[in-house]
Amino acid sequence: MAKEGAQRAEETEQMIEKESGKEAAEGSGTGSLRAGDTKEMRAVVLSAFGGLNKLRVSKKAMPEPQEGELKIRVKACGLNFIDLMVRQGNIDNPPKTPLVPGFECSGIVEALGDSVKGFEIGDRVMAFVNYNAWAEVVCTPVEFVYKIPDDMSFSEAAAFPMNFVTAYMMLFEVANLREGMSVLVHSAGGGVGQAVAQLCSTIPNVTVFGTASSFKHEAIKDSVTHLFDRNADYVQEVKRISTDGVDIVLDCLCGENTGKGLSLLKPLGTYILYGSSNMVTGETKSFFSFAKSWWQVEKVNPIKLYEENKVIAGFSLLNLLFKQNRSGLVKGVMDKLLNLYNSKKIKPVVDSLWALEEVKEAMQRIHDRGNIGKLILDVEKAPTPLVS
């Protein structure tokens, strides 16, 4: 096993050296392919929906930009909980397999499609991608691409778009967060949870209640006002501190937490569902777990909402971008977020870096809720050799 790991690491290092040499040869900055350039790339491929064994790193044909697209030499990719659900096929209308997962990345602009303006070859960028992000090269429409600040690393940039745009839009576009309000956020140690905590700190006197696994508490205790164990009776703990409840509930768990969240809302409060991680209870999709989770969902009664002056909402950034054509709205949010970053008011939290070949281990870490902040697939990182 040790020999196999060392051999895999050596092969990866050779490939990285080859890519580095090619990038140096392309330093003159034309977007066209030269004679001898490779037309293949490494990518993480999901062969079928299911467990971790359905993932592998394979060679694929390198894409070229179509009109309105940028070709990006990827340096880092973000790994999100939605990627676990995609792997299991636990989403609405999943695409056909085999497919390359991943929805966000950072890298360097390598070529421009026709009619692309505002970018140049060599620009450092981060981007949303409608699948296919976990690869050495991606092509994506220009409206989903943003320039990286000079002092932001590629790993930070890959940790930025999904988490901070989601957090910002839920807090400010949907729930209208203002001074003196209170927020309950689940999975406070995760990428979105940490983004929520940072954004709340930009508004005076906002109280943040967070739930997280107990082993994370020491690391994240300073990022929220009140922190509870994810397995504890957080409803009673919140009401003990704030008898009226909270103004905003951000729920990425679903299941029984829906009813608990609604019960904690103050009048004119907003509950936002933006995920359903309780439905991912094993390595593969479980119809029993799925049914159990939905059975526990509070049955929403519109008359009750009317009588109690409560708001219930849902948020999906990927649907907003790729199905509902709101890239302009998201661009405005990104501009605000980058201003906050440049003002040193927010900063993405990176949990760890993983080679493409280590995607299975990285996914398992998310499944185990072991991460604090964002897991990143580092395209240039050699896999850690296995030991006996």
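Values for this structure:
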{"read-out": "Solvent-accessible area per residue for region 162-322 (1.4 angstrom probe, square angstrom)", "value": "45"}
{"read-out": "Alpha carbon convex hull of region 162-322, volume per residue in cubic angstrom", "value": "124"}
{"read-out": "Linear extension gain, K117 paired with S47, 0.36 nm per residue minus alpha-carbon span", "value": "21.6 nm"}
{"read-out": "In nm, spacing of pseudo-spin labels at L268 and S316 (7 Å Cα→C-beta vector)", "value": "3.1"}
{"read-out": "Extension reserve of the V300-E40 stretch, reckoned as 0.36 nm per residue once the Cα distance is removed", "value": "88.5 nm"}
{"read-out": "Computed lengthening from E179 to E237, 0.36 nm per intervening residue step minus Cα-Cα distance", "value": "18.6 nm"}
{"read-out": "At R0 = 22 Å, FRET efficiency that the Cβ-Cβ distance of E307 and F172 yields, to 0.05", "value": "0.20"}
{"read-out": "Approximate spin-label separation E361-H217, in nm, with each point projected 7 Å along Cα-to-Cβ", "value": "3.0"}
{"read-out": "Qualifying lysines (Cα of each under 19 Å from Cα of K260; at least 8 residues distant if same chain)", "value": "K239, K292, K299, K304, K310"}
{"read-out": "Pairs beyond 22 Å (Cα-Cα), from K71/K331; K75/K216; K96/K360; K54/K96; K216/K331", "value": "K75/K216; K216/K331"}
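The values are calculated or read from the model by the stated rules, or taken from the named source; none is laboratory data. No experiment lies behind these values; they were computed from the predicted model shown. Please note: Cβ atoms are built from the backbone with ideal geometry, for glycine as well, and neighbour counts cover all protein chains shown. With ligands, DNA and RNA removed, areas are computed over all heavy atoms of the protein, side chains included. Shrake-Rupley method; radii C 1.70, N 1.55, O 1.52, S 1.80 Å.
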